[in-house]
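Undergrad: I'd like to ask some things about the structure below.
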Amino acid sequence: MSHVKLGKYNQLTIVKEVDFGVYLDGDEDGEILLPSRYVPSDSKVGEILNVFIYLDSEERLVATTLSPLVEVGGYAWLKVNWVNEYGAFLDWGLMKDLFVPFREQKQRMQQGRYYLVHVYVDAESYRIVASAKIERFLKKNIPPYKTGEEVDVLVWTSTELGYKVIVDNAYSGLIYGDEVYVPLCTGQRMLAYVKQVRDDGKIDLSLQKIGYTRVVDFAEVLLERLKEEGGYVALHDKSPAEAIYDMFGVSKKTFKKAVGDLYKRRLIAISEAGIRLLGS
């Protein structure tokens, strides 16, 4: 026998059909209602459903087949639906809003605004709640990453150095501003690459693959693009970073290295107007 995972997806068996839905086998937690509106039309007793478990307005376990914007243990950029004398209530995609007590707010949350929060189960009340005090929940051990490793990141906030991000739902990381060629927004999710893990456990990241392999990769992409464009592209190493990104989706630094690589191999000529494939 085992407990269901509150605030997570669970695979539970239908044990009973009633007028207002079906009951699922919650093992030690008893039978859990899946209301009619969420019951798949072709489901029957004995079938296993993948459901999200949370608490209804009376703090009873209830199931849904809806997908919330975040699970317990995760981080998300959520909108405040309303505020009362106890705290704020966020839209996380379910019927019952997600509660943020005042003590878990960095500043008083305002209706209609978005905030980055961490979602957890409060040990005392056994309620799913959220906190804007992100630092408290990030792991403090030295991250186990190697240079060049691909990770998932969630943009947290901008600083003078660049953008603080949450790495793999667990660690704090930084993408330096001078290596970012398009603006990033809080709540944005993307892939990044580990540049180094510092002695203090913080992670320096890049939005592009690390090392020479990335330049070699893009040099070949640029070469193919030149062939497709009839041997000429109206960009060069002095072109604006935005124009380079718009056309190729890489930073100016990567573009310049690739141009240099092709030039050294005597495959292109560079002019003030652009780059031309030699022999074309």
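Undergrad: Within region 157-187, how many residues turn out to be without any contact (Cβ under 8 Å) to a residue 60 or more places away in the chain and surrounded by 13 or more Cβ atoms within 10 Å (Cβ to Cβ)? Walk me through it before giving the result.
TA: First, pick out the residues of region 157-187 that are without any contact (Cβ under 8 Å) to a residue 60 or more places away in the chain: 157-165, 167-168, 170-178, 180, 183-185.
Keeping just the survivors that are surrounded by 13 or more Cβ atoms within 10 Å (Cβ to Cβ) gives 158, 162-165, 167-168, 170-177, 180, 184.
Number of matching residues: 17.
Undergrad: Can I ask one more? Scan Leu191, Leu154, Leu116 and give me the residue that is modelled with pLDDT under 95 and either part of a strand (DSSP E or B) or crowded, with 19+ Cβ neighbours inside 10 Å (or both).
TA: Answer to the selection: Leu191.
Undergrad: Given the options Gly173, Gly162, name the one that is in contact with a strand residue (DSSP E or B) (Cβ under 6 Å, 6 or more places away or on another chain), over 25 Å from Pro240 (Cα atoms) and outside the structural domain of Tyr245 (by TED's automatic domain parsing). Even if it seems obvious, please write down each step before you answer.
TA: On the way: Gly162 fails: over 25 Å from Pro240 (Cα atoms).
None of the other options fit; the residue is Gly173.
Undergrad: Sticking with this structure for a sec: Does region 1-35 hold any residues that are among the aliphatic types (A, V, I, L, M) and over 10 Å from Val51 (Cα atoms), and which are they? Spell out the reasoning first.
TA: If we filter region 1-35 for residues that are among the aliphatic types (A, V, I, L, M), which is where we start, we get 1, 4, 6, 12, 14-15, 18, 22, 24, 32-34.
Answer for region 1-35, where residues must be among the aliphatic types (A, V, I, L, M) and over 10 Å from Val51 (Cα atoms): Met1, Val4, Leu6, Ile14, Val15, Val18, Val22, Ile32, Leu33.
Undergrad: Scan region 250-268 residue by residue and report those that are farther than 15 Å from Glu224 by Cα and of a type outside the set (Lys, Arg).
TA: Scanning region 250-268 gives Val250, Ser251, Thr254, Gly260.
Undergrad: Sticking with this structure for a sec: Considering only residues of region 4-33 that are surrounded by 12 or more Cβ atoms within 10 Å (Cβ to Cβ) and under 29 Å from the mean Cα position of the chain (by Cα), which is farthest from Arg127 (Cα to Cα)?
TA: Across region 4-33, the extreme among qualifying residues is Leu12.
Undergrad: What pairs come out if I take residues in region 108-126 that are of a type in the set (Lys, Arg) and pair them with residues that are assigned to a strand (DSSP E or B) and surrounded by 10 or more Cβ atoms within 10 Å (Cβ to Cβ) whose C-beta lies under 6 Å away, six or more apart or interchain?
TA: Every condition considered, the pairs that remain are Arg113/Val80.
Undergrad: Note down all Cβ pairs under 6 Å where the first residue falls in region 20-34 and is within 13 Å of Asn10 (Cα to Cα) and touching a residue at least 12 places away in the same chain (Cβ under 8 Å), the second is part of a loop (DSSP other than H, G, I, E, B) and among the aliphatic types (A, V, I, L, M), and they're at least six residues apart or on different chains.
TA: Pairs found: Gly26/Val4; Asp27/Met1; Asp29/Val4.
Undergrad: Sticking with this one: Are any of the residues in region 257-265 modelled with pLDDT under 85 and not small (Gly, Ala, Ser)?
TA: Taking region 257-265 as the starting set, the residues that turn out to be modelled with pLDDT under 85 are none.
No.
Undergrad: Still on this structure, please answer the following. With under 22 Å from Lys164 (Cα atoms), buried (at least 16 other Cβ atoms within 10 Å of the Cβ) and at pLDDT below 90 as the only criterion, which of Ile203, Ile244, Ile210 stands out? Working first, answer last.
TA: Numbers: Ile203 fails: at pLDDT below 90; Ile244 fails: under 22 Å from Lys164 (Cα atoms).
After applying the criteria, what remains is Ile210.
The values are calculated or read from the model by the stated rules, or taken from the named source; none is laboratory data. Given the structure is predicted, the values throughout are model-derived calculations rather than measurements. In this analysis, Cβ positions are derived from the backbone assuming ideal geometry, glycine residues included, and neighbour counts consider all displayed protein chains.
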